[in-house]
Amino acid sequence: MSDQILTSPKMEKYLNIIDNMYRLGWDERNGGNISVLVDEEEIEEYLEGGRHYLRDIPLPLVADPILRDRVFFFTGTGKYFRNTKADPKNNVGVIRISEDGKVAHLLWGFEDGGKFTSEIYAHLMCHAQRLKIDPHHHVVMHCHPTNLLIMSHLVPNDDKEFTLNLWRAMTEDIIVFPEGVGVLPWMLCGNNEIGVATAEKMKKVRCVIWGLHGIYGAGSDLDEAFGLIETAEKAAQLYLGYSSRKEINTITNDNLREIIKGFHLEDVVRWEFLDE
Ligand code: 2HA
Ligand code: ZN
């Protein structure tokens, strides 16, 4: 199989984002995983139409019909983001979900016999959920950003309380994620249960905190998903910088209402988070 896919803009962007995430300290060792739903026209010239399969890899769940016959980039299980850009063939794979939703046809990559991330449950469930409410959805990103993780040790596992602390950290946070964030308590990762719980939260939000573990972000493209996580992570960093000191100026609920009006967020904001 040719490696032409490596010259595609989508794959170049994917590898650069993975490299960036490692450099930001969000993906130590084998931490983190990213999957991208790729439109047919984006891969056809690089993968000879995308119907030549190297091998089949069984999926640990039956994929939702909305995902069947669709192509994804996936990071590999046990693989290190630190090594991925220099050695994409062993660290990432391009798969097509089979027509019956039971296997992944491997189109390229995972050359050392590897397979997709152990978090594939959560990824596929989140893709299906987001696609049902947002036809522009393409990306699911999981990582371990330092400040959001510290915050999950300090703030109750409550969507409203977590969101307000992030919104109040900086004026533009509510503009980036007006729907807020969802928070899950500590749960075992890598299984169906956490996948279902994450996808349930993603009915309302693109950003789900996995308490004491990390974050899931979804977006229409890699920049959107990355930008969402980087904004939430910066808000967490700011929050941690002032929350244990005497804060004398704060963004009030009235200020938040002004931002909502000024930036026309009335239809997308979670108004109930502003109830006193
Ligand atoms: O893939 O981050 O949650 C490594 C992880 C699992
Ligand atoms: Zn993780």
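The values are calculated or read from the model by the stated rules, or taken from the named source; none is laboratory data. Values in this document were obtained by computation on a predicted structure and should not be read as measured data. Cβ placement follows ideal geometry from the backbone for every residue including glycine, while neighbour counts extend to all protein chains displayed. These accessible areas exclude ligands, DNA and RNA; they are computed on the full protein's heavy atoms, side chains included. Shrake-Rupley method; radii C 1.70, N 1.55, O 1.52, S 1.80 Å.
The set of residues in the stretch 166-197 that are within 16 Å of ligand 1 (Cβ to nearest atom), farther than 23 Å from residue 25 by Cα and open to solvent by less than 20 Å² (accessible area, probe 1.4 Å) comprises 194, 195.
Can you name the residue in the stretch 129-161 that is more than 27 Å from residue 72 (Cβ to Cβ) and of a type in the set (Val, Ile, Thr) and, of all such residues, is least open to solvent (accessible area, probe 1.4 Å)?
My answer is 155.
Selection within the stretch 103-146: residues that are among the basic types (Lys, Arg) and away from ligand 1 (no atom under 14 Å from the Cβ). The member of this set that is farthest from residue 209 (Cα to Cα) is 132.
Taking the stretch 106-123 as the range and being assigned to a helix (DSSP H, G or I) and either away from ligand 2 (no atom under 16 Å from the Cβ) or open to solvent by 40 Å² or more (accessible area, probe 1.4 Å) (or both) as the test, only 121 passes.
Here residue 223 meets each of (1) within 16 Å of residue 24 (Cα to Cα); (2) not in a helix (DSSP H, G or I); (3) not small (Gly, Ala, Ser) with one exception, condition (2). Here residue 48 passes the criteria (1) buried (at least 24 other Cβ atoms within 10 Å of the Cβ); (2) out of contact with any helix residue (DSSP H, G or I) (no Cβ under 6 Å at 6 or more places or on another chain) except the one numbered (1).
Of all residues in the stretch 200-225, those satisfying the criterion of being within 16 Å of ligand 2 (Cβ to nearest atom) and either hydrophobic (A, V, I, L, M, F, W, C) or at pLDDT below 95 (or both) are 207, 208, 209, 210, 212, 215, 218, 225. Taking each residue of the stretch 245-264 that is closer than 11 Å to residue 175 by Cα and looking for partners that are open to solvent by less than 60 Å² (accessible area, probe 1.4 Å) and assigned to a helix (DSSP H, G or I) with beta-carbon atoms closer than 8 Å, six or more apart or interchain, yields 256/167; 256/174; 256/274; 259/174; 259/175; 260/174; 263/175. Of the strands (runs of 3 or more DSSP E) lying entirely inside the stretch 1-101, those containing at least 1 residues that are hydroxyl-bearing (Ser, Thr, Tyr) are 33-38, 71-75.
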